[in-house]
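What follows is a short report on a single structure.
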Amino acid sequence: MVLPAEDLEARRASLERELGEPITLDGLTASFRIFQRKRGHRHSTDDLLTAWYALEKAGAPARALDLGTGIGSVGLIVLSAMPPEGRLTCIEAQAVSHRFLLENVRANEVGDRVDARHGDLRELALVEKFPLVTGSPPYFDVAAGIVPADSQKAHARFELRGDVRDYARAAKRHLEPDGLFVFCFPWAQKERALRAARDEGFAVLTHRDVVPRAGLPPLFSLFACRLGAEPELEEPPFVVRHADGAHTDAMHAVRARFGWPRS
């Protein structure tokens, strides 16, 4: 259960005063809320669709691990669809993002269901294994462009603490025998993501390109992987919006999955 609206607003204002920058309070699902820096790295459609794809393929698992969780977007969306006893473990190395992760866990009153670790996923070595591991890896080599001065944006986009292969390795260490590793990656680098997963022993059971608006090229791709050799399937593209900007029926269905009314 999320904190009362007046408590959330008081906390938002307190964070804004403390950090000296605009902080927004936004809907993550119809029932979950998140604090975000207005000029920082923010929750986006790829987070929503990664969580949705994970739940579509894994059902509603009792336990999940989210790698490089940032402010908690993917992990908390997955948790919102878990049974009441479901538990989320997540790890984030970047200090500002981890700070907001803790704030968002508290805001949604799920502290007893979330193990929010501060650390490098490349060093994660838990005894526990999970039926579902999720992630949204960074995708730019540090030599590929100008690294943002804002550390939160920089770590979300640039491979400052590992790349997609490191995410696959961490998932491999922590998956149950039949568990799923679900992640997203830019469509322009799709072959790189497929190669990284396969080189770590995963079969990419399904993958699906996401088109932001009808008529445009895909923006990113979703992947559902399992260790071992299994048949692989490329699913039809998921189109988020029609050419006129209205949500497609597929996107309405995703939003409804997390309690949002049709708009």
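Hey, could you check the range 138-155 for residues that are at pLDDT below 75 and assigned to a helix (DSSP H, G or I) and say which is nearest to the chain's Cα centre (by Cα)?
The selected residue is His155.
Mind listing whichever residues of the range 29-67 are touching a Lys or Arg at 6+ places or on another chain (Cβ under 9 Å), more than 16 Å from Leu175 (Cβ to Cβ) and of a type in the set (Gly, Ala, Ser)?
The answer is Ala30, Gly40.
Determine, yes or no, whether Pro61 is part of a loop (DSSP other than H, G, I, E, B) and closer than 28 Å to Asp178 by Cβ.
Details: part of a loop (DSSP other than H, G, I, E, B): yes; closer than 28 Å to Asp178 by Cβ: yes.
So Pro61 fits the description; yes.
Report yes if Ala197 is part of a helix (DSSP H, G or I), of a type in the set (A, V, I, L, M) and within 20 Å of the chain's Cα centre (by Cα), otherwise no. Outline the logic, then answer.
On the way: part of a helix (DSSP H, G or I): yes; of a type in the set (A, V, I, L, M): yes; within 20 Å of the chain's Cα centre (by Cα): yes.
It is true that Ala197 is part of a helix (DSSP H, G or I), of a type in the set (A, V, I, L, M) and within 20 Å of the chain's Cα centre (by Cα).
Just checking, which of Ala143, Ala214 is over 22 Å from Ile91 (Cβ atoms), free of Cβ contacts under 8 Å to residues at least 12 places away in the same chain and small (Gly, Ala, Ser)? Before you say what the answer is, go through the steps one by one.
Details: Ala214 fails: free of Cβ contacts under 8 Å to residues at least 12 places away in the same chain.
None of the others qualify; the one that does is Ala143.
Kindly list, by first and then second residue, each pair from a residue in the range 162-190 that is outside any strand (DSSP E or B) to a residue that is among the polar types (S, T, N, Q), limited to pairs with Cβ atoms under 6 Å and residues at least 6 apart or on different chains.
Trp187/Ser221; Lys190/Ser221
From the list Val147, Val114, Val133, exactly one residue is of a type in the set (Val, Ile, Thr), more than 30 Å from Arg33 (Cβ to Cβ) and in contact with a strand residue (DSSP E or B) (Cβ under 6 Å, 6 or more places away or on another chain). Which is it?
Working: Val114 fails: more than 30 Å from Arg33 (Cβ to Cβ); Val133 fails: more than 30 Å from Arg33 (Cβ to Cβ).
None of the others qualify; the one that does is Val147.
Within the range 50-63, take every residue that is out of contact with any helix residue (DSSP H, G or I) (no Cβ under 7 Å at 6 or more places or on another chain) and touching a residue at least 12 places away in the same chain (Cβ under 8 Å) and give me the one that is surrounded by the most Cβ atoms within 10 Å (Cβ to Cβ). Outline the logic, then answer.
Filtering the range 50-63 for residues out of contact with any helix residue (DSSP H, G or I) (no Cβ under 7 Å at 6 or more places or on another chain) gives 53, 56-63.
Of the ones still in play, those that are also touching a residue at least 12 places away in the same chain (Cβ under 8 Å) are 53, 57-58, 60-63.
On the way: Tyr53: 25, Lys57: 17, Ala58: 20, Ala60: 13, Pro61: 21, Ala62: 13, Arg63: 17.
For the range 50-63, the residue satisfying everything is Tyr53.
If you scan the range 64-115, which residues turn out to be free of Cβ contacts under 8 Å to residues at least 12 places away in the same chain and either out of contact with any helix residue (DSSP H, G or I) (no Cβ under 8 Å at 6 or more places or on another chain) or crowded, with 23+ Cβ neighbours inside 10 Å (or both)? So that I can check it myself, show each step before the final result.
Our first condition is that a residue be free of Cβ contacts under 8 Å to residues at least 12 places away in the same chain; within the range 64-115, this holds for 84, 99, 111-112.
Pro84, Arg99, Asp112 - these are the residues of the range 64-115 that are free of Cβ contacts under 8 Å to residues at least 12 places away in the same chain and either out of contact with any helix residue (DSSP H, G or I) (no Cβ under 8 Å at 6 or more places or on another chain) or crowded, with 23+ Cβ neighbours inside 10 Å (or both).
Regarding Ala253, is this residue under 20 Å from Ile77 (Cα atoms), exposed (fewer than 14 other Cβ atoms within 10 Å of the Cβ) and among the small types (Gly, Ala, Ser)? Step through it out loud before you land on a result.
On the way: under 20 Å from Ile77 (Cα atoms): yes; exposed (fewer than 14 other Cβ atoms within 10 Å of the Cβ): yes; among the small types (Gly, Ala, Ser): yes.
For Ala253, the condition - under 20 Å from Ile77 (Cα atoms), exposed (fewer than 14 other Cβ atoms within 10 Å of the Cβ) and among the small types (Gly, Ala, Ser) - is met.
Do we find a residue being touching a Cys at 6+ places or on another chain (Cβ under 8 Å), closer than 20 Å to Asp47 by Cβ and among the aromatic types (Phe, Trp, Tyr) anywhere in the range 173-182?
Our first condition is that a residue be touching a Cys at 6+ places or on another chain (Cβ under 8 Å); within the range 173-182, this holds for 180-182.
Okay, now just the ones that are also closer than 20 Å to Asp47 by Cβ, so 180-182.
Then drop every residue that is not among the aromatic types (Phe, Trp, Tyr), which leaves 181.
Within the range 173-182, one or more residues are touching a Cys at 6+ places or on another chain (Cβ under 8 Å), closer than 20 Å to Asp47 by Cβ and among the aromatic types (Phe, Trp, Tyr).
Hey, among the residues in the range 218-234 that are touching a His at 6+ places or on another chain (Cβ under 7 Å) and of a type outside the set (Gly, Ala, Ser), which one's surrounded by the fewest Cβ atoms within 10 Å (Cβ to Cβ)? Quick ask: steps written out before the conclusion?
We begin by selecting, within the range 218-234, every residue touching a His at 6+ places or on another chain (Cβ under 7 Å); these are 221-223, 234.
Those still in the list that are of a type outside the set (Gly, Ala, Ser) too: 222-223, 234.
Numbers: Leu222: 23, Phe223: 27, Glu234: 11.
Top of the filtered list is Glu234.
Looking at the range 221-263 only, could you name the residues that are in contact with a Lys or Arg (Cβ under 7 Å, 6 or more places away or on another chain) and of a type in the set (Phe, Trp, Tyr)?
Phe238
The values are calculated or read from the model by the stated rules, or taken from the named source; none is laboratory data. Since the structure is predicted, the reported quantities are computational estimates derived from the model, not experimental observations. Neighbour counts run over all protein chains shown; Cβ positions are idealised from the backbone, glycine included.
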